[in-house]
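A short worksheet on the structure shown next.
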Amino acid sequence: MLKNLPENTIQLYLIKVAKWFNLVMPIVVLFYQENGLSMSQIFLLKSIYSIAMVATELPSGYLADVWGCRRTLLLGAILGTIGILIYSFSAAFASFVVAEIVLGIGFSFVSGADSAMLYDSLKAENKEDEYIKYEGRITSAGNFAEALAGVAGGLLATISLRTPYYFQIVIAAIAIPAAYFLKEPQHVQERIHLKLKEILSIVKLTYQQKEMRSAILISSFTGAATLTYAWFVQPYFQEAGVPVSVFGILWTLLNLSAGIFSMYSYRIERLLGNKNTMLLIVILISIGFILTSVEISLAGIAILFGFYMVRGIATPVLKDQINQYTDSKVRATILSIRNFEIRIIFAAIGPALGYLTDTFSLQIALMVTGITYFIAGMWSIWPFLKK
């Protein structure tokens, strides 16, 4: 079975697993609080992470296009490991800031380049029409890894809330040899000869397409919305009265649900059609935020599962929408623009949502986010609906 996989697929699976087998995520808010951080400081910390990503997102995409995705992914894997290493021995807000900056830069060198490598690897074998299937499977591998990490991280946290960070160093380091053994597809090796001016010219022409702008915007707003929602999950558990010992189990089940739906996202997209699938994503994610704000209880956890199912469908479908309009020479750069916009949006709204949560309530913050996303999502998708 492994012999039939497209080239680079196994390495990309390992990179995704190393990135998403996140032992610390189920207890990270508790870890921050143990070290004296408020929700405002936590969202500020994540905004700093987003700013670090934003500052290097486009340069990393450019490097991936001219230097090669393999080298870019290798650098990102190394920086990611260093960032976790710093976190493992830090206990103050200032130290966390340094770690988040290193992690943000490392993540920017991976995001965009991994999807570009996958699409171009498939294109080299004339299988680019199967991109949603493979992107969905790799995304689901990340979700499953995050799900298993939820259980493992929860168990490790019984020793101490810092213990998961020690084990995370080893997990992050797996991406280093995986990236090293990647192979650049033959048809994109010409990108190495392109100058910055030529890259920017192609990006400008690509981004001037109305459909392309819409594809990037809807993917960016959706990515920012799902990222924001993930940071509301643990506070939701706390307010709903979920025991801390169950956090890891619920986190596991949420990510399993996202992984399963991500794996079959290509079938859902074929059944409903591209336009209807994108419209459904916008509507259901908006409803997820609003319903969660209305019902904070143990029963309301069912809404979280519905949201994560839609999240699993959204990532591969919306990335494929972008890839369809993108030239291989600038694929990593275009995908980096998407990630750039996600982080810009999150960096802008993160502190405001932290303030709303601390000053008013979690419910107000969720309601505001849901309404804002619906307006932004419908505005972004409108050109496709008119088409």
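A few comments on the model shown:
- Altogether, the Stokes-Einstein calculation at 25 °C and 0.890 mPa s, with the Kirkwood radius of the range 231-387 over Cα pairs as Rh, returns a diffusion coefficient of 144 µm²/s.
- For the range 276-339, the Rg and Dmax computed from alpha carbons only, in angstrom: 15.4, 49
- Each Cα pair under 8 Å and six or more residues apart adds its sequence gap; the mean of these over the residue count of the range 74-113 is a relative contact order of 55 percent.
- Ordering S220, S95, G154 by Cα displacement along the dipole of the chain toward the positive end leaves S220 in first place; charges were set at the Cβ atoms of Lys, Arg (+1) and Asp, Glu (-1).
- Globularity index of the range 238-293, i.e. its alpha-carbon radius of gyration over 2.2 N^0.38 Å: 1.46
- Whole-number percent relative contact order across the chain, with pairs defined as alpha carbons under 8 Å at least 6 apart: 30
- Rotationally averaged projected area of the chain (alpha carbon convex hull; nm²): 17.4
- Environment charge at E57 (Cβ cut-off 11 Å; Lys +1, Arg +1, Asp -1, Glu -1): +1
- Most fluctuating residue given options P235, P243, P316, as computed from a GNM of the chain linking Cα atoms under 10 Å: P243
- Among L356, L256, L74, residue whose mean-square fluctuation peaks in a GNM of the chain (springs only between Cα atoms under 10 Å): L356
- When you count the other C-beta atoms within 10 angstrom of each residue and take the mean per peptide, 292-301, 14-23 line up highest first as 14-23, 292-301.
All of the numbers you see were taken from the coordinates with simple rules; none came from a lab. Predicted model, so just to flag it, every value in this text is computed and none were measured. For neighbour counting, all protein chains shown are included, and Cβ atoms are generated from backbone atoms with ideal geometry for every residue, glycine included.
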